[in-house]
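So the structure is just underneath, and the comments pick up after that.
Throughout, read-outs are computed from the coordinates displayed, never taken from laboratory work. All values reported here derive from a predicted model rather than from experimental measurement. Note that we place each Cβ from the backbone using ideal geometry, even for glycine, and neighbour counts take in every protein chain shown.
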Amino acid sequence: MAGVFSDRINILGVGVSELNLGLAFQKIGEWIKERRRVYVCVAPVSTICDCQRDRAYKEIINSAAMVTADGMPLVWISRLKGYKNKKRTYGPELMSLVCDKGQVLGYRHFFYGADEKTLCSLREKLKQRFPGIDIVGMYGPPFLKKAEPEKKEIIDMINSARPDILWVGIGSPKQDFWMSLNRERLNAPVMVGIGAAFDFLAEVKLQAPAWMRECGLEWLFRLVTEPKRLWRRYLVNNTLFVYYIVLEFFLGIFPFKRRRLW
């Protein structure tokens, strides 16, 4: 894919882009200006673990124009690999930054995901924080167990709104499969799979305090607040991630060194 952010850090075979919030915003702006059709994956530890079990998912993540490090463990591993200036590119912060700076640039936003109540709250909260934001559409899709090609009428609805950025908040890995399946049918230059950012920015779910996010403990806060839904993601995947990293570091099963994937 031409114009992708190709300088990536190899974490268990997944290419995580070497960037920070400012650089991520810059690249998104370039893609909008050039009218490229790309998708961006916001990757926590669970994404890296899911990629170890699903080759098709790994290909989707590695085909993204940008893969941001949504979790602090990915930042720490990147620094161990020699990327000393690697910063966390947290989904809600990225979305807030683009909504903020996009006001003067006239960016048009479409939000796909969540339910009607959350979307209404999201619109209200974003308008309060960013009065100049241009929200051209919102859609809360019905729940699906897995991603599918979107219905033609929904594709037409999104395209007729002419967004510059389509924010997709249906959770990973579903949102990443959805973006890959529908990328060529949608005219929005940039699609971003943003995870739980809709819920946090709409203030319908509690967000971990800043100190917990900075210390890599956000997973614990979310587990305590939603144990039934998130226990497998955090307890199983976090344990697997440590296991995979130990194998990579001590046994050389994965190439633990600084290099590009391509």
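For the chain, set up a GNM with springs between Cα atoms under 10 Å and report which of 143, 130, 221 has the largest fluctuation.
Of 143, 130, 221, the Gaussian network model singles out 143 as fluctuating most.
Between residue 153 and residue 249, with labels modelled 7 Å along Cα→Cβ, what's the label distance in nm to one decimal, could you check?
Taking the two extended label points, one gets 5.4 nm.
Using a Förster radius of 30 Å, what is the FRET efficiency between residue 160 and residue 93 based on their Cβ-Cβ separation? Nearest 0.05, please.
0.50
Given 0.36 nm per residue, what is the gain on full extension from residue 225 to residue 105 after removing their alpha carbon distance, in nm?
Details: separation 120, 0.36 × 120 = 43.20 nm, distance 3.71 nm.
Computed gain between residue 225 and residue 105 is 39.5 nm.
Checking a compactness column here: for region 83-153, what do you get for Rg(Cα) / (2.2 N^0.38 Å), N being the number of residues?
My calculation over the Cα atoms of region 83-153 gives 1.34.
Using the Kirkwood radius over Cα pairs, work out the Stokes-Einstein diffusion coefficient for region 212-251 at 25 °C and 0.890 mPa s, in µm²/s as a whole number.
Once the numbers are plugged in, D ends up at 223 µm²/s.
Build a GNM of the chain with springs between Cα atoms under 10 Å: which of 128, 103, 175 gets the top mean-square fluctuation?
128
How big is the antiparallel share of DSSP beta bridges in the chain, given as a percent to the nearest 5?
On the way: 4 of 26 bridges.
Looking only at bridges with both residues in the chain, the antiparallel portion is about 15 percent.
Cα extents of the chain along the three principal axes, largest first, in whole Å?
So the three principal-axis extents are 53, 42, 34 Å.
If you project the alpha carbons of region 131-262 onto their three principal axes, what span does each projection cover, largest first, in Å?
Extents along the principal axes, in whole Å: 53, 38, 32.
With a 10 Å radius around each residue's Cβ, average the other Cβ atoms per peptide and rank 23-32, 229-238, 147-156, highest first.
Result, highest mean first: 23-32, 229-238, 147-156.
Sort 35-45, 197-207 by the packing proxy (mean of other Cβ within 10 Å over each peptide's residues), most packed first.
35-45, 197-207
Give the long-range amide H neighbours of residue 113: residues separated by 5 or more places, or on another chain, with amide H under 5 Å away, using H modelled in the peptide plane at 1.01 Å from N.
139, 140, 169
Grab the Cα-Cα distance for residue 34 and residue 236, subtract it from 0.36 nm times how many residues apart they are, and report the gain in nm with one decimal.
Full extension of this stretch gives 68.6 nm more.
For the chain, list the DSSP H helices whose alpha carbon atoms reach 18 Å or more along the long axis and whose average Kyte-Doolittle value is -0.5 or above?
21-34, 91-105
Can you tell me the dipole magnitude for the chain around its Cα centre, using point charges on the Cβ only (Lys, Arg +1; Asp, Glu -1), in Debye to the nearest 20?
Numbers: 41 positive and 27 negative charges, 116 e Å.
So the magnitude is around 560 debye.
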